[in-house]
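**Student:** Submitted below is the structure of interest, expressed as structure tokens.
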């Protein structure tokens, strides 16, 4: 009963461990997948933010700082411009910052470039100046110089009284952007599309989308955009929209470039992200299977040890902890299977009933336990002593002749007669009667026991405390 309770408790604990482990692992797996998704999203966005910072915001911040310089304002506030001083300043800035600079004076109506060129601000030829002059924004990003398209950042310059002096800014060739975008695409596998405030595609990692002469392409002209129902997108935003480009699923991320009112769209092939997330999922599943396998082994070993303990309990006498009848019969069969000669001794404690009657069953149990220990301590390795029932014990003596079995029984008989058994309150002298039998052939245990039982009866009849032997004719 205790074994069943132990098994029940162990299985409940193990079941709890399994449930907790699986729930924990599932939670961990889901968290890992979500983290992997976030990591993949961050991994794709971070370089894009870096690109915006390096290629767009850095030139803006540099030019914003320079546009506040007193030296620049002094040059721009006169109608007669000191051109030598202007070109000297612009060339120095170009060397220091590795950028092409320009300024356009509103008073002199002239534009000066760091490459040494200058241009009259004629409304018929330089429309950008007059168009942006009336805009509210002080920072404008634009594409111009159509024979060799450049990206421009135009900053309005004011004197100390807030009077408009003109524009100062930087320019970069679109070819340089194409080269940089190509490097990012090769490294990270995604495309960029920058759309200006008029929904024109100003910059892109796809050279086919970059402005051609004076014609801009728009986001609305792209096939994948036309296949979208923008009205059904949350807030009309393309962020996290899934589109199909050239037969491949692509995830769109939308990032605002606030200083210019531009928007950057990051097009990430979904297959790459799916591969990363699938790899994470597979690792989690394999981990789960390993844990389940380990728990299965634990359950298997638990049941194995339980079975072994149960077998031990079913084959052990609970009082003396000696093998019971089942175990003795099993060991006898094993000895015969091994073709071994077996001597069998049946032992009966003399007048044991009087011990129970005079001193109680507890005293009788103490005597039986002490006799059990005595018998165990006086046998050879490989011999078996078991409790047959009541006050009877049985010995199996493998690889012995009848004479050797009789000799072993005689020594035990003498030893028992000289032993004092204690009940706690009184010391008792005990003796036992022995019946010896033997078999050298495959013979049922009941047959061999029958001869030993006859010999035991003869020993009891002849006065007890002695050994008798009876052998079959085919012993």
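**Student:** Among 467, 257, which comes first, second and so on when ranked by fewest other beta-carbon atoms within 10 Å? Provide the component values of the computation, followed by the final result.
**Tutor:** On the way: 467 24, 257 18.
Fewest-to-most Cβ neighbours within 10 Å comes out as 257, 467.
**Student:** Oh, and also: For region 176-269, what does the alpha-carbon gyration tensor say about shape, rounded, prolate or oblate, given a ≥ b ≥ c as the root eigenvalues, a/c under 1.5 as rounded, and a/b over b/c as prolate? Please list the in-between numbers first.
**Tutor:** Details: a/c = 1.44, a/b = 1.17, b/c = 1.24.
It is rounded, given that a/c, with a ≥ b ≥ c, falls under 1.5.
**Student:** Determine the shape class of region 118-167: with a ≥ b ≥ c the square roots of the Cα gyration tensor eigenvalues, call it rounded for a/c under 1.5, and otherwise prolate if a/b is greater than b/c, oblate otherwise.
**Tutor:** Here region 118-167 falls in the prolate category.
**Student:** Order these by the 10 Å Cβ neighbour count, fewest first: 70, 185, 353, 172.
**Tutor:** Details: 70 8, 185 15, 353 12, 172 18.
Fewest to most other Cβ atoms nearby, the residues stand as 70, 353, 185, 172.
**Student:** I want to check the label-to-label distance for residue 158 and residue 244. Put each point 7 Å from Cα in the C-beta direction and report it in nm to one decimal.
**Tutor:** With each label point 7 Å from Cα toward Cβ, the separation is 5.3 nm.
**Student:** Okay, next question. Just to be sure I understand the model, the point goes 7 Å from the Cα along the line to the Cβ. What's the resulting residue 287 to residue 117 distance in nm?
**Tutor:** 6.0
**Student:** What's the extension gain from residue 410 to residue 450 if we count 0.36 nm per residue and subtract their Cα-Cα distance?
**Tutor:** Working: separation 40, 0.36 × 40 = 14.40 nm, distance 1.98 nm.
Contour length minus the Cα-Cα distance gives 12.4 nm.
**Student:** Given a Förster distance of 30 Å, report the FRET efficiency between residue 462 and residue 334 from their Cβ-Cβ distance, rounded to the nearest 0.05.
**Tutor:** Numbers: r = 34 Å, r/R0 = 1.14.
Efficiency computed from Cβ-Cβ geometry: 0.30.
**Student:** Based on alpha-carbon centroids, what's the gap between region 41-111 and region 223-254 in Å, whole number please?
**Tutor:** Between the Cα centre of region 41-111 and that of region 223-254, the gap is 36 Å.
**Student:** Rank these for me by crowding, 341, 61, 301, going from fewest to most other beta carbons within 10 Å.
**Tutor:** Details: 341 19, 61 13, 301 10.
With the fewest neighbours first, 341, 61, 301 line up as 301, 61, 341.
Every number in this text was worked out from the coordinates using simple rules, so none of it is lab data. Worth saying up front: this structure is predicted, and the values here are computed from it rather than measured. Reconstructed Cβ throughout: ideal geometry from the backbone, glycine too, with neighbour counts over all protein chains shown.
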